[in-house]
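We did not get these values from a lab; they are worked out from the coordinates using the rules stated. Everything numeric in this text was worked out from a predicted model, so none of it was measured. With ideal geometry, Cβ positions are generated from the backbone for all residues, glycine too; neighbour counts draw on all protein chains shown.
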Amino acid sequence: MLLVGITLLSALQIVCRYFLGASISWSNDLNQFMMMWMVMIGAGAMLWKGSHFTLAIVVEKLPDNIKKLLRIIVFVAIAIFAVFLFISGTQLALGQSHQIVPALGFTYLYVYLAMPVAASFILLFSVGMLVKEMKR
C-alpha cells in the first residue's frame, strides 16, 4: 500500500512539474516518510516470513544441533536489538514530537513512530520464532 502511494505521488509530482510547470512542495517529504515506514514495517514482515539474508551455504553444512543453537542465538540477538530499537525509537519520536514538518503540518512524532512500531513487530516475531525453534 505504501509502495503504491509512493509511486502515485511520484507520478503526480512528475506530471505537475513537467507538464503543469508547478511543483508539489510536500511530495518529497511525504515520499521519504512513506519509504521509512515501508522499510521499517517490511523488516518485521521479512523476519516473520524468514526472508532475511542468511548464509545458508555455511549453515547447511553444520550438524543439526549446531544449526538449532545458531538459530536460537540469532533470534535472541534480534530480540535484544528490537528492544534497543524500541527504546531508542520511542525516545527519538517523543523528542521530536514538538517539531513540525513544515511542508506537511504534522509533527515528526508520526514519522519517527515507525521505529518503535516496527521494533514491536520485530520483537514479537523474534520471540515467536524463538519459541517455535525451542519446541523443535
| query | For the chain, what is the calculated [θ] at 222 nm in deg cm²/dmol (nearest 500), taking -39500 (n - 2.57) for each run of four or more DSSP H residues and dividing by its residue count? | reply | -25500 deg cm²/dmol
| task | Among Leu2, Gln13, Asn65, pick out the residue whose Cα is farthest towards the positive end of the charge dipole of the chain, where Lys and Arg carry +1 and Asp and Glu carry -1 on C-beta, about the Cα centre. | result | Asn65
| Relative contact order for the chain: what is it in percent, counting Cα pairs under 8 Å that are at least 6 residues apart? | 29 percent
| said: If R₀ is 30 angstrom, what is the calculated FRET efficiency for the pair Phe106 and Ala77, using the beta carbon separation as r and rounding to 0.05? | reply: 0.30
| task | Provide the FRET efficiency to the nearest 0.05 for the Ser97-Trp48 pair, computing r from the beta carbons and using R0 = 25 Å. | result | 0.30
| said: Students often check this: by mean Cβ neighbours within 10 Å, which of 5-17, 49-61 ranks highest, and how do the rest follow? | reply: 5-17, 49-61
| request: Name the shape class, rounded, prolate or oblate, that the alpha-carbon gyration tensor gives for the stretch 1-113, where a ≥ b ≥ c are the square roots of its eigenvalues, rounded holds for a/c under 1.5, and otherwise prolate holds if a/b is larger than b/c and oblate otherwise. | output: oblate
| task | Run the dipole for the stretch 2-135 about the Cα centre, Lys and Arg Cβ at +1, Asp and Glu Cβ at -1, nothing else charged, and hand back the magnitude in debye, nearest 20. | result | 380 debye
| field | Dipole of the stretch 2-135, positive end: most advanced residue of Leu30, His52, Ile100 [Cβ charges, Cα centre] | value | His52
| remark: Comparing Phe86, Phe106, Phe19 in a Gaussian network model of the chain (Cα, 10 Å), the one with the largest mean-square fluctuation is Phe19
